[in-house]
Structure formats: structure tokens, C-alpha cells
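Scroll down for the structure; my scribbles are underneath it.
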Amino acid sequence: MKKQIPVRQRVRQILLVTSLLLFPVTMNYLSPYVIIDGAIQGILAASPIIFGIQLLSGLVLGRTFCGWVCPAGKLQDLCADFNNQPVTGRKIDWIKWVIWAPWLGTFIFFMIKAGTSIVVNPLHLTETGVSVDSPLKFVNYYAVVLIFLLIAGLAGRRAACHSICWMSPFMILGEKLGSVLHLPRLRLRAEPEKCTNCLTCSTHCPMSLPVNEMVKASHMENSECVLCGNCVDSCAKKAILYRFGQAG
């Protein structure tokens with residue numbers, strides 16, 4: 001008998017699929033290219049505004065965007081039928097920071113250079129409101145899709161989230177800042193006394209985290225956790241729970 005998917009995970013999948021279907025509309029609003037193209041011209045496009053919102057959301061919601069609504073996340077999940085191997089050791093986590101730091105630095109440089117002449121235009125390169133509205137833009141769209149599919153297909157579960165994602169650092173920094181400010185946020189809580197060491201939580205983690213070890217240590221904090229809740233919903237003994245509050 002096929003195991004029934006928990007309601008929470010069904011809702012999450014609906015949100016992810018919807019986000020993926022809308023990606024031709026939203027791509028430029030999440031684009032690492034549009035932000036730089038706009039900055040060079042002294043234009044504040046929609047993408048830096050979205051990234052700022054992600055930073056702020058990280059204060060209380062961590063990386064829920066990655067686990068619940070990211071179209072690139074769902075793209076990679078589709079590769080599970082071809083390569084569902086965990087990204088062991090996750091030695092590629094640092095790559096995204098090497099990409100992110102100079103990219104963000106370039107944006108800041110051109111914004112400072114523009115000074116008081118900065119123009120806010122959320123529809124920069126997206127005049128119709130739809131990101132993919134011409135044949136040439138479809139080429140860009142499919143190139144982006146192919147990159148994420150190839151990385152996940154070759155390297156394993158959500159490998160692009162670990163390696164090239166330019167959005168996750170904003171939410172990771174938001175989490176860190178929230179912790180420094182002692183703000184309550186959505187997080188996971190472990191009850192290790194309930195754990196039977198079945199390893200189901202680690203098996204179901206899309207981010208290849210050692211969840212079982214985290215439960216046994218009663219320490220569920222990990223910057224790569226996207227709060228998808230797979231571990232919560234797959235644990236028959238309810239040894240992992242969602243909670244909203246401060247660490248500890």
C-alpha cells in the first residue's frame with residue numbers, strides 16, 4: 001500500500017510546483033544578472049528589493065523560501081528520479097559565497113557610483129511585467145533551467161542550492177543576524193529520547209543534512225536547512241518538531 005503524503009508536504013509541493021510554473025514570469029525578479037545590469041545604469045531593479053526582503057525574512061523564517069517556494073529548488077527536486085544521492089560532506093557549500101561576495105560587491109560599487117541619481121525601476125528589463133516575453137528571453141530561460149538540472153542531475157540532491165545559489169546567502173545572513181539579536185524565529189526542535197535511530201529523517205532530507213546526528217545531539221541549527229519539514233513529517237516517533245522561538 002502506497003504511503004500517504006502528509007498534508008503539509010502536499011501543500012509544500014503545490015506551492016513549489018506553482019512557483020516553478022510561474023518561473024517564466026518571475027525569473028527577472030530573482031535574477032543575478034538584472035540586478036547588475038540595472039546597477040551599471042544607476043537603476044534599482046526589482047531583484048535587489050526581493051533579495052532585501054529575503055534577508056529580512058531570514059530573521060524570523062530562516063530559509064523557508066528555499067524549502068517552500070523556490071522554483072529552482074523544485075527544478076532540482078525533479079532530478080531525484082535520476083540522481084537522488086546525497087551531497088556527501090557538502091564540500092561545495094563554500095562555492096556560493098565565492099560567487100556571492102564579488103557579485104554583491106559589484107552591485108554596491110555601482111550603486112555608490114550612481115549616488116543620488118539612482119532610479120527605482122522594478123520593471124527594468126521586464127517592461128511587460130513578464131520576464132520571458134520574447135524568443136531571445138526563452139533562450140535565457142532554458143539556459144538557466146538547464147544549469148540547475150545539470151548540477152542536480154550530476155552532483156546530487158539540490159546541489160545547486162549548495163553551490164551556486166546567489167539568494168541563499170541573504171537568508172543565511174538573516175538567520176545569523178536574527179540569532180545575534182535574539183529574535184524568535186521558525187526552527188526545528190529535537191526530542192532525542194524519542195529517536196529510534198531509524199535514519200529516516202536523514203534519508204528524506206533534500207539538503208543532505210545529517211539530521212539523525214543533529215537529533216541525537218539535540219542541535220537542529222544548520223545554515224543549509226531549508227525548513228521543508230520532510231524530517232518532521234517522516235519521523236514516526238515525532239522526535240522532530242517545528243517550533244517558533246529563540247534557540248535553546
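State the Cα centre-to-centre distance between segment 165-224 and segment 1-73 in whole Å. The two parts, judged by their Cα centres, are 20 Å apart.
Per the Kirkwood treatment, what hydrodynamic radius in Å, one decimal, follows for segment 7-183 from the mean inverse distance over all distinct Cα pairs?
17.2
Footprinting exposure proxy ranking of Phe23, Phe82, Phe148, Phe109, fewest other C-beta atoms within 10 angstrom first, gives Phe82, Phe109, Phe23, Phe148.
Basic side chains Lys and Arg get +1 at the Cβ, acidic Asp and Glu get -1 at the Cβ, and with that the dipole of segment 7-183 about its Cα centre reaches some 520 debye. Which FRET efficiency value, to the nearest 0.05, is calculated for Ser134 and Cys198 with the Förster distance at 41 angstrom and r the Cβ-Cβ distance? It comes to 0.20.
For segment 129-181, taking the reciprocal of the average inverse distance between every pair of different Cα atoms yields a Kirkwood hydrodynamic radius of 13.3 Å. Taking springs between alpha-carbon atoms closer than 10 angstrom, which of Leu104, Leu227, Leu30 fluctuates most in the Gaussian network model of the chain? With Cα springs under 10 Å in the chain, the top fluctuation among Leu104, Leu227, Leu30 is at Leu104. A Gaussian network model of the chain, with springs between Cα atoms under 10 Å, assigns the largest mean-square fluctuation among Cys198, Cys66, Cys235 to Cys198. Would you mind getting me the FRET efficiency between Arg10 and Arg189? Use the beta-carbon distance for r and R0 = 22 Å, nearest 0.05. My answer for the efficiency is 0.45. In this simple spin-label model, placing a label point 7 Å from the Cα along the Cα-to-Cβ direction at both Leu21 and Leu173 gives a separation of 3.5 nm. Using the Karplus relation 6.51 cos²θ - 1.76 cosθ + 1.60 with θ = phi - 60°, the per-residue 3J(HN,Hα) values for segment 51-62 come to 5, x, 5, 5, 4, 5, 5, x, 4, 10, 10, x Hz, with x marking Gly and Pro. Toward the positive end of the charge dipole of segment 7-183, with +1 on the Cβ of Lys and Arg and -1 on the Cβ of Asp and Glu, the farthest Cα among Asn28, Met171, Asn140 is that of Met171. Return the single residue from Thr26, Thr128, Thr18 with maximal mean-square fluctuation; model: Gaussian network over the chain, springs between Cα atoms under 10 Å. The residue that fluctuates most here is Thr128.
Kirkwood Rh over Cα pairs of segment 2-86 into Stokes-Einstein at 10 °C, 1.306 mPa s: D in µm²/s? Present the calculation step by step, with values, prior to reporting the outcome.
Details: Rh = 14.7 Å.
For these conditions, the coefficient is 108 µm²/s.
Here, each number is a calculation from the coordinates, and none is a lab measurement. Here the structure is a predicted model, which is why all the values come from computation and not from measurement. Note: ideal-geometry Cβ built from the backbone for every residue, glycine included; neighbour counts use all protein chains shown.
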